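Written out below as structure tokens is the structure these notes cover.
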Amino acid sequence: MKAKLLYFHAGKSSFVIKDIEILQEKYDVVDFFFDTSNKKKYLSLFFNQIVFIISNIINAQLVICQFAGHHSFLPILFSKIFFKKSIIVAGGTDCVSFPSIGYGNFNNKLLAKTTAFSFKSSHLILPVHQTLVEYNYTYQSNDFKKQGYHFFIPNIKTPYQVIYNGYDSQKWFCDTEKEKNSFVTIGAGLDSRFGFNLKGIDLIFEIAPKFPQCTFYIIGGLGIDKPTPSNIKLLDKIPNNELRLFLSKMQFYMQLSLSEGFPNALSEGMLCECVPIVSNVGGMSDIVSDCGYILKHKNINELYELMNTALNNFELDKLGKKARQRIVLNYTFENRKEKLLLAVNKLI
């Protein structure tokens, strides 16, 4: 009989689905979706969550939360009460604070408290990159000079283990001609109060008119209600089964975010041989390494010079293939699977 795991998340994103699939191979996974998008329903969600926990926790061997926050508070609290082990997979917004755009769990007093309690009270934290623990932030000067949950919870003693996201190189690949001078970025919630600036779309809107020979595609940007340069194409979300073909046609993948953990879209774009152009935040410079271009500071002149250099590179095809190999060799689905199952097994 398989051991029972309770898995709490705020939405079945691709990384949540992949982790559940991994865990289901060895364990009986029962998941609970806490919809953080509608704060008016929080009271009923908390009530439903309590009912779910009480109904399932007695026979469960482990509690796992994807990200820390309001949705992890009760699961971690009840795991302590019932002497159950617990894990938090740290992914990004739960580890940062950006007051300049009102983003990050540690930017909200109540959310900071539930996040800190969750991290401090869990038995193990599994960040997807070391920068989510703590790192020096130098991309722009409007926010904290350090980011990472350890910076905001300096007295935390919970052990952690970095386990990178992993990708299936058989699913993501390039098999078509590239559209010359094409750039793509993918974002969710770009019409939210912070999404436009968080994902660096403001910079793309500013730089696009300076490169009229280029086309900039923003997937997930259909809801953006701002004057849009003529060479920017705002697209709706593209289903996963169609996304690979679209990425394969793009020459560059551009991710100019103010904050990132370990972005899936960047890695998938690199597997599709897109040359990456990224901001120097979170794990992105580590992921890209020498396979693309890194914007050191949020500065339009720096970005202009960087893009000029990229567009004048006559070996972009080779660089795209090198970007693919970077992901193939370092960030495999098999590696995440092995390390995640081992970490879980040690606690059960």
remark   = In whole Hz, the Karplus estimates of ³J(HN,Hα) for region 152-168 (6.51, -1.76, 1.60; θ = phi - 60°; x where Gly or Pro) are 7, 10, x, 9, 5, 10, 4, x, 9, 9, 6, 10, 5, 4, x, 9, 9
task = Of the options 263, 97, 164, report the single residue whose Cα projects farthest towards the positive end of the charge dipole of the chain (beta-carbon charges: Lys, Arg +1; Asp, Glu -1).
result = 97
remark   = Counting sequence-distant residues (5 or more places) and residues on other chains, those with an amide H built under 5 Å from that of residue 4 are 28, 61
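First measure r as the distance between the Cβ atoms of residue 55 and residue 171, then evaluate 1/(1 + (r/R0)^6) with R0 = 41 Å and state the FRET efficiency to the nearest 0.05.
Computed FRET efficiency for residue 55 and residue 171: 0.70.
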task = Mind listing the long-range amide H neighbours of residue 65? Cut-off is under 5 Å, sequence gap 5 or more, other chains count too, H placed in the peptide plane at 1.01 Å from N.
result = 8, 87, 88, 89
query = Relative to the Cα centre, what is the charge dipole magnitude of region 245-348, using +1 at the beta carbon of each Lys and Arg, -1 at the beta carbon of each Asp and Glu, and rounding to the nearest 20 debye?
reply = 300
ask   = Which of 248, 190, 205 sits farthest toward the positive end of the charge dipole of region 182-330, with +1 on the Cβ of Lys and Arg and -1 on the Cβ of Asp and Glu?
value = 248
note = Under the Karplus relation with 6.51, -1.76 and 1.60 and θ = phi - 60°, whole-Hz ³J(HN,Hα) for region 71-77, x at Gly and Pro, equal 6, 9, 4, 5, x, 6, 4
query = Which cross-chain or sequence-distant (5 or more) residues have an amide H under 5 Å from the amide H of residue 232, H modelled 1.01 Å from N in plane?
reply = 216
Estimated dipole of the chain in Debye, rounded to 20 [Cβ of Lys and Arg +1, of Asp and Glu -1, Cα centre] = 1040
query = Once phi is turned into ³J(HN,Hα) by the Karplus curve 6.51 cos²θ - 1.76 cosθ + 1.60 with θ = phi - 60°, what whole-Hz value does each residue of region 183-200 show in order, with x for glycine and proline?
reply = 10, 9, 9, 10, x, 10, x, 5, 9, 7, 5, 10, x, 4, 7, 4, 8, x
task = Tally the DSSP beta bridges in the chain and give the antiparallel ones as a percent, rounded to 5.
result = 10
query = Taking only Cα atoms, what is the 0 to 90° angle, nearest 10, from helix 109-121's long axis to the longest principal axis of the chain?
reply = 60
query = Which aspartates and glutamates have a Cα lying under 15 Å from the Cα of residue 171, excluding residues fewer than 8 positions away in the same chain?
reply = 242, 268, 273, 334
query = For region 182-330, what is the charge dipole size about the Cα centre, in debye to the nearest 20, if Lys and Arg each add +1 at the Cβ and Asp and Glu each add -1 at the Cβ?
reply = 140
inquiry  = Using 26 Å as the Cα-Cα cut-off, could you pick out the over-long pairs in 249/322; 4/199; 113/296; 2/80; 40/84; 233/337?
reply    = 4/199; 113/296; 40/84; 233/337
query = Per residue, what volume in Å³ does the convex hull of the Cα atoms of region 182-330 enclose?
reply = 101
inquiry  = Using 0.36 nm times the number of residues separating residue 46 and residue 80, minus their current alpha carbon distance, what extension gain do you get?
reply    = 10.5 nm
request  = Provide the packing ranking of 338-347, 234-243, i.e. peptides ordered by the mean count of other C-beta atoms within 10 Å per residue, highest first.
outcome  = 338-347, 234-243
query = residue 294 versus residue 345, label points 7 Å from Cα toward the beta carbon: distance in nm?
reply = 3.5
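All of the numbers you see were taken from the coordinates with simple rules; none came from a lab. For clarity, every value in this text was computed on a predicted model and none was experimentally measured. Please note: Cβ atoms are built from the backbone with ideal geometry, for glycine as well, and neighbour counts cover all protein chains shown.
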